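The numbers here are math on the coordinates, done by the rules we state, and not lab data. This is a predicted model, so every value here is computed, not measured. Please note: Cβ atoms are built from the backbone with ideal geometry, for glycine as well, and neighbour counts cover all protein chains shown.
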Amino acid sequence: MKGHWFLIIMTIIIYFSNNTNIVAEAKQKKLRPPYKNGAAEKCDFYDGKWVTDYKYPLYNAKDCPFLLQQFDCVRNGRPDRAFLKYRWQPTNCNLARWDGKDFVRRIRNKKVLFVGDSLSLNQWQSLACMLHSAFPRLNYTVTRKGPLMSTFSIPSAKVDSVAGSSKLWMGYDILIFDTWHWWLHTGRKQPWDVIRDGKVLHQDMDRLKAYEKALVTWGRWVSKNINFKKTNIFFQGISPDHSNGTQWGKKTNQMQCKGAQKPIKKLRYLGGPDQADMLLGKVLGKTGKPIHLLRLNKMSQYRVDGHPSIYGSPRYKGMDCTHWCLPGVPDTWNQLLYANLI
């Protein structure tokens, strides 16, 4: 996998030709302002808490034809349902409730591209289901492209170039990027044998440093090649994997999401907030470009109950405390995406 940086490319293209009545209906609908008590200052969507809302979830998993089994926890036998009923409530304002018709009006005849790993796939699946729930009878063009070509070569992770995949990012109106999860893998799960930095090959290097180099390279490419007057750029914040149980009161640092049915009430930061998430914000800020970071890390850290755990498979194999059940937490990520497009 030469130039292995982003793993999965997913597109959502929605065209309206005979549905002008639906578009007009959405256009006339007034949105609830993202402010509370007439506050003039802009809403901080990312500061808040999870509250129970019995109007949730936003869609039914069994009605979504795009949903992969690995994210369909209810179908795989998860017995509890409380994890489906949580809504993110910002502290000093209201997050506009998802309006699929209005969202589609805003991206009418536009192309949305998710570029990232399986957590990007998780968010993309969520958005596809949310849109299908709003327009269950429309014709969709939903495309997923992955690394389908096999070559005999030494896999390397390039931190100084995005040339291998960046040509696929052009021509889109909304781009949502994500990368970090695979930077943590070691041993047999590591998708490369060496790390290439210019002409230098490293057997390994500090993963945060490698991640920073890759982000800086990406930032240079975006700054040089993207017309920000025509294209909206988002970056998915670091999704927590709940791999260290001591952060929410467990006695061991092993994967401990199995059996969790409620969000964590109080986070315990051992060693401080997520270093990769802080680094991501720092690098994006230095680009000087209007790249919006979806700061989902802290809000998602509360949701230890939102992972598949053993319910990523109907055979109850494995322990997935990295990805998210759908419906679930990624639906809120997409609500934040929607709120930032309003």
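Could you tell me which of rounded, prolate or oblate describes region 76-119, using a ≥ b ≥ c as the square roots of the eigenvalues of the alpha-carbon gyration tensor, with rounded for a/c under 1.5 and, failing that, prolate when a/b is larger than b/c and oblate otherwise?
Note, shape of region 76-119 comes out oblate.
Calculated FRET efficiency, ASP44 and LEU267, Cβ-Cβ r, R0 30 Å, to nearest 0.05? Numbers along the way, then the final one.
Values: r = 17 Å, r/R0 = 0.58.
Computed FRET efficiency for ASP44 and LEU267: 0.95.
May I ask you to compute the full-extension gain from LYS62 to LYS286, defined as 0.36 nm times their residue separation minus their alpha-carbon distance, rounded to one decimal in nm? Don't skip to the end; give the middle numbers.
Details: separation 224, 0.36 × 224 = 80.64 nm, distance 4.33 nm.
Result: 76.3 nm gained on full extension.
What is the calculated FRET efficiency for VAL216 to ARG81, with r their C-beta to C-beta distance and R₀ = 45 Å, to the nearest 0.05? Could you put the intermediate results ahead of the total?
Numbers: r = 44 Å, r/R0 = 0.97.
Working from the Cβ atoms, E equals 0.55.
Which ³J(HN,Hα) values in Hz, rounded to whole numbers, follow from the phi angles of region 103-109 under the Karplus curve 6.51 cos²θ - 1.76 cosθ + 1.60, where θ = phi - 60° and Gly and Pro get x?
So the J values, rounded to whole Hz, are 4, 5, 4, 6, 10, 4, 6.
Considering only the other residues whose Cβ falls under 13 Å of the Cβ of ALA260, what net charge follows from Lys and Arg at +1 and Asp and Glu at -1?
Values: positive: ARG78, LYS250, LYS258, LYS262, LYS265, ARG303; negative: ASP80, ASP305, ASP320.
Summing Lys and Arg as +1 and Asp and Glu as -1 gives +3.
Tell me whether region 62-142 comes out rounded, prolate or oblate; compute the Cα gyration tensor, take square roots of the eigenvalues as a ≥ b ≥ c, and use a/c under 1.5 as the rounded threshold.
Values: a/c = 1.58, a/b = 1.12, b/c = 1.42.
Verdict is oblate for region 62-142.
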